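Read through the structure below, which is laid out as structure tokens, and then see the notes.
The values are calculated or read from the model by the stated rules, or taken from the named source; none is laboratory data. Quantities reported herein were computed from a predicted structural model and do not represent experimental measurements. Reconstructed Cβ throughout: ideal geometry from the backbone, glycine too, with neighbour counts over all protein chains shown. We work out accessible area using only protein heavy atoms, side chains counted, and drop any ligands, DNA or RNA first. Shrake-Rupley method; radii C 1.70, N 1.55, O 1.52, S 1.80 Å.
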Amino acid sequence: MDITHIEHIGIAVKSITDSLPYYEKVLGLKCYNIEEVADQKVKTAFFKVGQTKIELLEPTSEDSTIAKFIEKKGEGVHHIAFAVPDVASALAEVEAKGVQLIDKSPRGGAEGLHIAFLHPKSTGSVLTELCQ
Ligand code: CO
């Protein structure tokens, strides 16, 4: 697979509003976009760190996977997203290598990206996203 860089790191937070001061006032990053992704039941906030982004994920519903994650594990790192030139072909490649997939085909994510998740059972418990 041809991973070019870490596209973003997803961090589960209870509240983007409450989390912003740390990222902006302490780390000095600038939030350049806040966007709701309805089908994932999350609100996202983005910061650029070089070529990589930090993506804060706030649940917008109690049955959001992010709400369940926070309930189980608390706030913190939720997933790592690798940039690949072609998500569909990368998925086919990892599936052929025996990796269990959450998404059999790419779907729409925040910022107009095509994304797909690999199952943590196959990735050493690190929820892994491929995006393009
Ligand atoms: Co993501």
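Brief remarks on what is shown
- Conditions (1) within 19 Å of Gln51 (Cα to Cα); (2) touching a strand residue (DSSP E or B) at 6+ places or on another chain (Cβ under 8 Å); number of the one not met by Asp86: (2)
- For Thr52, the requirement of being open to solvent by less than 80 Å² (accessible area, probe 1.4 Å), within 13 Å of the ligand (Cβ to nearest atom) and hydroxyl-bearing (Ser, Thr, Tyr) is met.
- Taken over the range 1-34, the criterion of being more than 16 Å from the ligand (Cβ to nearest atom), under 24 Å from Lys68 (Cβ atoms) and not in a helix (DSSP H, G or I) is satisfied by Lys14, Ser15.
- On the stretch given as the range 116-129, residues that are within 17 Å of Val77 (Cβ to Cβ), within 13 Å of the ligand (Cβ to nearest atom) and open to solvent by less than 40 Å² (accessible area, probe 1.4 Å) total 5.
- Residue check for Glu111: open to solvent by 50 Å² or more (accessible area, probe 1.4 Å), within 16 Å of the chain's Cα centre (by Cα), among the acidic types (Asp, Glu) and at pLDDT 95 or above: no
- Residues being without any contact (Cβ under 8 Å) to a residue 24 or more places away in the chain, of a type in the set (A, V, I, L, M, F, W, C) and farther than 19 Å from Arg107 by Cβ - total across the range 14-50: 5
- Flag for Phe82 being touching a His at 6+ places or on another chain (Cβ under 7 Å) and either among the hydrophobic types (A, V, I, L, M, F, W, C) or in a loop (DSSP other than H, G, I, E, B) (or both): no
- For the range 62-78, a residue qualifies if it is on the phi < 0 side of the Ramachandran plot and either in contact with a helix residue (DSSP H, G or I) (Cβ under 9 Å, 6 or more places away or on another chain) or small (Gly, Ala, Ser) (or both), and the qualifying residues are Glu62, Ser64, Thr65, Ile66, Ala67, Glu75, His78.
- Filter result (closer than 22 Å to Asp39 by Cβ and buried (at least 18 other Cβ atoms within 10 Å of the Cβ)) within the range 85-108: Val87, Ala90, Leu91, Pro106
- Residue satisfying all of: in the range 59-79; within 13 Å of the ligand (Cβ to nearest atom), open to solvent by less than 40 Å² (accessible area, probe 1.4 Å) and in a strand (DSSP E or B); nearest to Leu118 (Cα to Cα) among these: His79
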